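Read the structure below first, then the notes.
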Amino acid sequence: MTDAPAASLRDHHGPWFGGYGGVFMPEPLMAAIDELAACYEACKVDPAFQAEFARLSRDYTGRPSMLTEASRLSEQAGARILLKREDLNHTGSHKINNVLGQALVAQRLGKTRLIAETGAGQHGVATATAAALFGMECVVYMGEVDTERQALNVARMRLLGAEVVPVTSGSRTLKDAINEGLRDWVANVDSTHYLMGTVAGPHPFPEMVRDFHRAIGEEAREQTIAMTGGLPDAVLACVGGGSNAMGIFHAFLDDADVQLIGLEAAGDGADTERHALSIERGEPGLLHGMRTYLLQDGDGQTLESHSISAGLDYPGVGPEHAWLHDIGRAEYQPVSDAEAMEAFLALTRAEGIIPAIESAHAIAGAMRLARELPGSTLLVSLSGRGDKDVATAGRWFDVLDEDARQQ
Amino acid sequence: MTARITTEEAIRASGGRALIGYLPAGFPDLATSIEAAVAIAEAGCTAIELGVPYSDPGMDGPVIQAATQSTLERGFRLEELFEAVAAITARTSAPVLVMTYWNPVLRYGVDRFAEQLAAAGGAGLITPDLTPENAADWLAAAERHDLDRVFLAAPSSSDARIDRAVEASRGFVYTVSTMGTTGARTDVDDAARALADRIAARAAAAGTTALRCVGLGISTADQVRDVLTYADGAIVGSALVRALGAGGVPAVRELAASLAAGTLDGGPADAAPAIAPSSTASSSPQKDASA
Ligand SMILES: Cc1ncc(COP(=O)(O)O)c(C=O)c1O
């Protein structure tokens, strides 16, 4: 179940990342997964596919995204903080990169229907957007809990023409939305592509999703060198499943001097039972078709995760992260709800940028690291903008007026 | 412990007209789940498929999912599974196959799980999300503890994948009737017949035979009868779980008896015998009636 790492960490391919990854899926889906893997292998080396993906990334998403020096925040923090602005992408987060890539693959497979799971709603919105753009049908599964905390994104998806299905099983969050999506896929595999929203799931998803996000790190690496004359000391990104983190880490994997730090959601706190610390507190196990670090009990039952951030509220993590953790190439640290919200406000007030609460976890990690490494250069993935989180943050900071509260 | 009848022997003893009933272990509580399993064996089930409640049941439809979720909420632990298997096999000779997603086994320890299952008198495992290519540890453990391993073949499976399922399986090949999750359907797809024929042909080409039991979406005696015209067994799950949930052990016993009528040649579905017929369709030569 293991394989030797490639000479360059950047060249490592699935299905296995060390002992993580693989394909653990019900037999009825194996044909679709094999077909997808074969199709993606062909897309990788097809210049026409890559050119179309590059065109969409440029003309539709708005790539390359900017690198913004957060000067006032840097002053407060005592380190130079650079923000990779995935929040400026069309639809407001990094998720659109992957969605456009997979929609192209789905089109090549002859599929006419996209299904997706979503936590924060950003992936659902991105998928609904691509479905509109490509003229495909779209169904998005979303935990009932998340439909409540991300009501704005539910409305966006519906406006885009997608059907949003609230999932009432299990913990009624992201994990259960994935289960429902996979069920739909079994029943409709002929017409349907399951558009996995993060670097998780069975091979080829972790590798394919990573590849569609690689531009984040490649652009940021060049932009950082252009701006500062060198590489950053550390690259920080929040980790739910870990797609924005994999995207920005990937370009730096072979730069041994660059610290890679993933920030996991610690919810009520790392010393409580209510968190989403898959790597720090999980054990290797199987979920959603992959072997990875997983929050589970002694019987192998998946435990519920908790985070104020719907996008990080996932009890597993992408297998490449599990491997990078084990080989010591990346480090994973907890950020609690309270720390994330403090960073959320700090960035908002210092720079006039309202981040997604997911991204605020990465900002919090950077503020903390700045205290340890004063004067360092820290590259932070600002994976999304905070519009979707305004109600949550408004409640947290008690700035929502009564009328808005009624909604 | 007396030598137990294997799954394959039980299906052959049924004249290749097996009825396999699925129930979740521990639903609605441990004692009732044991009574229910014994009752359906007595009513004519050739073998019992005992499901392990799991937090992320990817293959299950709403009925089984709701039942297993409530079982987990009640506090189900894997110890209960082994207790249930031991209690059921003490009272009926129908083989008890455990249907489980793979993570609970992995977490428990593959060999430890196999050892405990064998010690409890279990016949083997049905593994919906463990395909033969990932099953080396399980196959070795199954060999050591003389357990059946049932892999799935689906209408979408390639010939190569069917070959692997045939080669790795012992007991029968779980012949997935339709693309979808568990749950009663009005029509069992024609896909099932085509798949059962493909499995037989692939096995013959490889110079072996494979018993084929069809599952997913079967809920009536007529469907059982229909399936048995081309396969060696019919697997019924959601309908039994629903009956157990709604009407307890008497209801599940009654439904099993009515389904068992479908295993009889031409017999009308509603003229179900109260207990398993004593001829070839009976699940077990010895113990049922005495239970
Ligand atoms: C803005 C934003 N960042 C991060 C994430 C977490 O996903 P991942 O860990 O795959 O980057 C989400 C997920 O919804 C998101 O919306």
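Here are the numbers for this structure:
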quantity: Lone qualifier among A:Thr272, A:Thr192 - being under 27 Å from A:Ala310 (Cα atoms), among the polar types (S, T, N, Q), away from the ligand (no atom under 15 Å from the Cβ) and buried (at least 23 other Cβ atoms within 10 Å of the Cβ); calculated: A:Thr192
quantity: Within segment A:107-140, considering residues that are of a type in the set (Val, Ile, Thr) and more than 11 Å from the ligand (Cβ to nearest atom), the one surrounded by the fewest Cβ atoms within 10 Å (Cβ to Cβ); calculated: A:Thr112
quantity: Options A:Gly135, A:Gly124, A:Gly101, A:Gly110: the member that is outside the structural domain of A:Thr228 (by the TED database), of a type in the set (Gly, Ala, Ser) and under 22 Å from A:Pro166 (Cβ atoms); calculated: A:Gly124
quantity: Where a residue in segment A:229-255 is modelled with pLDDT of 95 or more and its partner, wherever it lies, is assigned to a loop (DSSP other than H, G, I, E, B) and of a type in the set (Phe, Trp, Tyr), with Cβ under 9 Å and at least six apart; calculated: A:Leu231/A:Phe252; A:Pro232/A:Phe252; A:Val235/A:Phe252; A:Gly240/A:Tyr314; A:Gly241/A:Tyr314
quantity: Number of the exception - A:Asp398 against (1) surrounded by fewer than 20 Cβ atoms within 10 Å (Cβ to Cβ); (2) at negative phi; calculated: (2)
quantity: Filter result (touching a residue at least 60 places away in the same chain (Cβ under 8 Å) and either within 14 Å of another protein chain (Cβ to nearest Cβ) or away from the ligand (no atom under 16 Å from the Cβ) (or both)) within segment A:256-269; calculated: A:Gln259, A:Asp268, A:Gly269
quantity: Breaking point among (1) touching an Asp or Glu at 6+ places or on another chain (Cβ under 8 Å); (2) on the phi > 0 side of the Ramachandran plot, for A:Gly300; calculated: (1)
quantity: Members of segment A:277-302 found to be more than 14 Å from chain B (Cβ to nearest Cβ), out of contact with any Pro (no Cβ under 7 Å at 6 or more places or on another chain) and either buried (at least 21 other Cβ atoms within 10 Å of the Cβ) or closer than 13 Å to A:Val335 by Cβ (or both), listed by number; calculated: A:Ile279
quantity: Check on A:Ala270, out of contact with any Gly (no Cβ under 8 Å at 6 or more places or on another chain) and not β-branched (Val, Ile, Thr); calculated: yes
quantity: Number of positions in segment A:248-267 that are of a type in the set (D, E, K, R) and within 18 Å of A:Glu207 (Cβ to Cβ); calculated: 1
quantity: Pair list, Cβ under 8 Å, 6 or more apart: segment A:114-141 residue within 14 Å of chain B (Cβ to nearest Cβ), other residue within 14 Å of the ligand (Cβ to nearest atom) and part of a helix (DSSP H, G or I); calculated: A:Glu117/A:His123; A:Glu117/A:Gly124; A:Glu117/A:Leu174; A:Glu117/A:Ala177; A:Glu117/A:Ile178; A:Tyr141/A:Ala177; A:Tyr141/A:Ile178
quantity: Subset of segment B:27-66 [within 12 Å of chain A (Cβ to nearest Cβ) and in contact with a strand residue (DSSP E or B) (Cβ under 9 Å, 6 or more places away or on another chain)]; calculated: B:Val52, B:Pro53, B:Tyr54, B:Ser55, B:Asp56, B:Pro57, B:Met59, B:Asp60, B:Ile64
quantity: Residues satisfying the stated conditions in segment A:342-390, i.e. touching a strand residue (DSSP E or B) at 6+ places or on another chain (Cβ under 6 Å), among the acidic types (Asp, Glu) and away from the ligand (no atom under 14 Å from the Cβ); calculated: none
quantity: Positions within segment B:213-261 being in a strand (DSSP E or B), small (Gly, Ala, Ser) and at pLDDT 95 or above, in sequence order; calculated: B:Gly233, B:Ala234
quantity: Segment A:290-305, residues that are more than 15 Å from the ligand (Cβ to nearest atom), touching a residue at least 24 places away in the same chain (Cβ under 8 Å) and touching a strand residue (DSSP E or B) at 6+ places or on another chain (Cβ under 6 Å); calculated: A:Arg291, A:Thr302
quantity: Residue that is within 12 Å of the ligand (Cβ to nearest atom), of a type outside the set (Asp, Glu), in contact with a Ser or Thr (Cβ under 9 Å, 6 or more places away or on another chain) and over 20 Å from A:Ala42 (Cβ atoms), where the choices are A:Ala200, A:Ala220, A:Ala215, A:Ala234; calculated: A:Ala200
quantity: Some residue of segment B:95-112 being crowded, with 24+ Cβ neighbours inside 10 Å, over 15 Å from the mean Cα position of the chain (by Cα) and without any contact (Cβ under 8 Å) to a residue 40 or more places away in the chain; calculated: yes
quantity: Criterion (within 18 Å of the chain's Cα centre (by Cα), touching a residue at least 12 places away in the same chain (Cβ under 8 Å), more than 14 Å from the ligand (Cβ to nearest atom) and under 18 Å from A:Gly201 (Cβ atoms)) met by exactly one of A:Leu324, A:Leu312, A:Leu287; calculated: A:Leu287
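Conditions (1) within 25 Å of A:Arg349 (Cα to Cα); (2) of a type in the set (Val, Ile, Thr), marked per residue:
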position	(1), (2)
A:Phe17	no, no
A:Lys44	no, no
A:Gln50	no, no
A:Phe53	no, no
A:Ser74	yes, no
A:Leu83	yes, no
A:Thr91	yes, yes
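Here is a yes/no grid of residues against (1) modelled with pLDDT under 95; (2) within 12 Å of another protein chain (Cβ to nearest Cβ):
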{"position": "A:Ser169", "(1), (2)": "yes, yes"}
{"position": "A:Arg172", "(1), (2)": "yes, yes"}
{"position": "A:Ala177", "(1), (2)": "yes, yes"}
{"position": "A:Val186", "(1), (2)": "yes, yes"}
{"position": "A:Val189", "(1), (2)": "yes, yes"}
{"position": "A:Gly201", "(1), (2)": "no, yes"}
{"position": "A:Glu207", "(1), (2)": "no, no"}
{"position": "A:Phe212", "(1), (2)": "no, no"}
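The values are calculated or read from the model by the stated rules, or taken from the named source; none is laboratory data. Computed from a predicted structure; not experimentally measured. Note that each Cβ is placed from the backbone with ideal geometry, even for glycine, and that neighbours are counted across all protein chains shown.
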